[in-house]
Amino acid sequence: MHAPDAALARLVDQVDNARARGTPLEICGGGTKRFYGEAPAGTPLDVTELSGISSYEPTELVVTARAGTRLEDLEAALQEHGQCLAFEPPRFAPGSTVGGMVAAGLSGPARASVGSVRDHVLGVTLLNGRSEVLTFGGQVSKNVAGYDVSRLLVGSLGVLGVICDVSIKVLPASVAMQTLLFDWDEHQALGHLSRWAGQPWPINATAWQAGRLYVRLAGARAAVFAACERLGGERMETAAAKTWWRSVRDQSAEFFSLDPASAAGGESLWRLSVPAVAAALALPGRQFIEWGGAQRWWRTTIAAAEVRDSAARAGGHATLMRGAARTDVFAPLSSVLMRVHKGLKKAFDPAGIFNPGRLYAGL
């Protein structure tokens, strides 16, 4: 257990009071992902005072930052040493924080090639529902001491406790980067992506929309330019490519902008996670494909049950990202998995005060 500092001590007091009164708490950082998951509820518990980089060892490729640290500040510090968060966490608006990054568990365009948020989290400090400040994991990649609670917290949306500090594996930024464009329909694009998956090309990210495939190459200069010559396609201007990939990462591109009128008309934005080799999905609406075919976004007006059924037939699942409804956001769990979730919730937050219902009803 930790001896809490002043900012953390105030959070401990708030959790003590909430537990004593049975008052639910909504854990709040930058608020940029508040739209994600089931509707938030509870008295705000502001963690932004927990900010700053606790330790950073560039030679060890590890950084530890407090939960309220803004992603832009963390990445600026990493950039000074030629390093980065390789999984490209999205920031949907200014103010995105490290704690929100871990709690949401969302990764950007490079996820298929470098891994997810979960793959890069080495350790966390957590304030649980008993007002205990606990540390899990460590600051090294090969930490195998006990159950991996650190990665369990990734994507938990705060239902298990307040993330206070996070140790993250970082990587050197790529020396060279180039984006290639190909005018292919969905079947052609998926076919080429499948074939390229078994080749030693430095493919860092891919995206397909409306008949155009974007392929980002990253790595050593010689490898990138050799791949450019071999793969062909049209080369995208560097500055334009950087802006475009950022719009995909942060979902600021037009495809992801679901305005109130569209939502009121029944349109929703879905994220379908399927095997990369899955065939094209026959859904009405507009599609955007990432991660070599493994992540397929759909803007559609059809019922949630039809979307989930289509994902299940392809061997995956569907998550509601944006829409008028804020219920049944995540794929339903089996009774066995729900029992596991409830057991974890009871162990970490026995009074059920943290972000109730944010992940699933009853948690």
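The values are calculated or read from the model by the stated rules, or taken from the named source; none is laboratory data. It should be emphasised that the depicted structure is a prediction, and the values quoted were computed from it without experimental measurement. Methodologically, a virtual Cβ is constructed for each residue, glycine included, from the backbone with ideal geometry; neighbour enumeration extends over all protein chains shown.
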Original post:
Pick from ALA76, ALA93, ALA65: which is in contact with a helix residue (DSSP H, G or I) (Cβ under 6 Å, 6 or more places away or on another chain) and assigned by TED's automatic domain parsing to the domain that holds THR125?
Top reply: ALA65
**OP:** Identify all residues within the stretch 137-170 that are surrounded by 20 or more Cβ atoms within 10 Å (Cβ to Cβ) and modelled with pLDDT under 95; write none if there are none.
**Re:** GLY137, SER150, ARG151
Subject >> Counted residues, the stretch 20-49 - those being of a type outside the set (Asp, Glu) and more than 21 Å from the chain's Cα centre (by Cα) >> reply: 11
**OP:** Say whether the condition of being of a type in the set (D, E, K, R) and in contact with a helix residue (DSSP H, G or I) (Cβ under 8 Å, 6 or more places away or on another chain) is met by at least one residue in the stretch 271-290.
**Re:** yes
**OP:** Any chance you could count how many residues in the stretch 171-188 are buried (at least 23 other Cβ atoms within 10 Å of the Cβ) and in a loop (DSSP other than H, G, I, E, B)?
**Re:** 0
Original post:
In the stretch 50-87, which residues are of a type in the set (Val, Ile, Thr), over 20 Å from the mean Cα position of the chain (by Cα) and surrounded by 15 or more Cβ atoms within 10 Å (Cβ to Cβ)?
Top reply: ILE53
Subject >> Subset of the stretch 250-308 (residues that are assigned to a helix (DSSP H, G or I), in contact with a Lys or Arg (Cβ under 7 Å, 6 or more places away or on another chain) and free of Cβ contacts under 8 Å to residues at least 60 places away in the same chain) >> reply: PHE255
Original post:
Of the residues that sit in the stretch 91-121 and are surrounded by fewer than 22 Cβ atoms within 10 Å (Cβ to Cβ) and touching a residue at least 60 places away in the same chain (Cβ under 8 Å), which one is nearest to LEU50 (Cα to Cα)?
Top reply: GLY95
**OP:** Go through the residues of the stretch 198-214 one by one and say whether even a single one is surrounded by 13 or more Cβ atoms within 10 Å (Cβ to Cβ), in a strand (DSSP E or B), within 24 Å of the chain's Cα centre (by Cα) and without any contact (Cβ under 8 Å) to a residue 60 or more places away in the chain.
**Re:** yes
Original post:
Is it fair to say ALA361 is among the small types (Gly, Ala, Ser) and over 30 Å from LEU127 (Cβ atoms)?
Top reply: no
Original post:
Residues of the stretch 251-277 being surrounded by fewer than 19 Cβ atoms within 10 Å (Cβ to Cβ) and in contact with a Gly (Cβ under 8 Å, 6 or more places away or on another chain), which ones?
Top reply: LEU258, ALA263, SER273, PRO275, ALA276, VAL277
Original post:
Could you list, in sequence order, the residues of the stretch 319-363 that are assigned to a loop (DSSP other than H, G, I, E, B), surrounded by 16 or more Cβ atoms within 10 Å (Cβ to Cβ) and of a type in the set (Lys, Arg)?
Top reply: ARG358
Original post:
Considering ALA241, ALA226, ALA253, which residue is in contact with a strand residue (DSSP E or B) (Cβ under 6 Å, 6 or more places away or on another chain) and aliphatic (A, V, I, L, M)?
Top reply: ALA241
**OP:** Output the number of residues of the stretch 170-213 satisfying the condition of being touching a Cys at 6+ places or on another chain (Cβ under 6 Å) and closer than 30 Å to SER55 by Cα.
**Re:** 1
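Taking the condition of being aliphatic (A, V, I, L, M) and either assigned to a strand (DSSP E or B) or assigned by TED's automatic domain parsing to the domain that holds ARG34 (or both), how many residues in the stretch 309-318 meet it?
1
In the stretch 18-33, how many residues are over 18 Å from LEU363 (Cβ atoms) and either surrounded by 13 or more Cβ atoms within 10 Å (Cβ to Cβ) or charged (D, E, K, R) (or both)?
Residues meeting the conditions: 6.
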